[in-house]
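Notes follow once the structure below has been shown.
The values are calculated or read from the model by the stated rules, or taken from the named source; none is laboratory data. Remember, predicted model here, so these are calculated numbers, not experimental data. No Cβ is skipped: glycine too gets one built from the backbone with ideal geometry, and neighbour counts run over all protein chains shown. Just so you know, the surface numbers come from the protein's heavy atoms only, side chains and all, with ligands and any DNA or RNA stripped out. Shrake-Rupley method; radii C 1.70, N 1.55, O 1.52, S 1.80 Å.
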Amino acid sequence: MAVSMPESRYDESRLPEWGGMVADTAAEITHRRSGVQSRARCLSSTSASASTNRSSSLSRR
């Protein structure tokens, strides 16, 4: 999964939001394919810091 946008729309302050969206979407795909809740979904619902940590790793790719 990836997030793509024109550089003009990139706003670093929204990384946690986008990271959470990616994690939630991946969890939904996993759930629909296997009926099992993914680790990403569990992490995204436990704390905002988990989302921030995932988002930070997105920006390094």
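Does SER45 meet the test of being modelled with pLDDT of 90 or more and either touching a Cys at 6+ places or on another chain (Cβ under 8 Å) or open to solvent by 80 Å² or more (accessible area, probe 1.4 Å) (or both)?
no
Just one of the numbered conditions (1) modelled with pLDDT of 90 or more; (2) surrounded by 13 or more Cβ atoms within 10 Å (Cβ to Cβ) is not true of TYR10; which one?
Just one mismatch for TYR10, condition (2).
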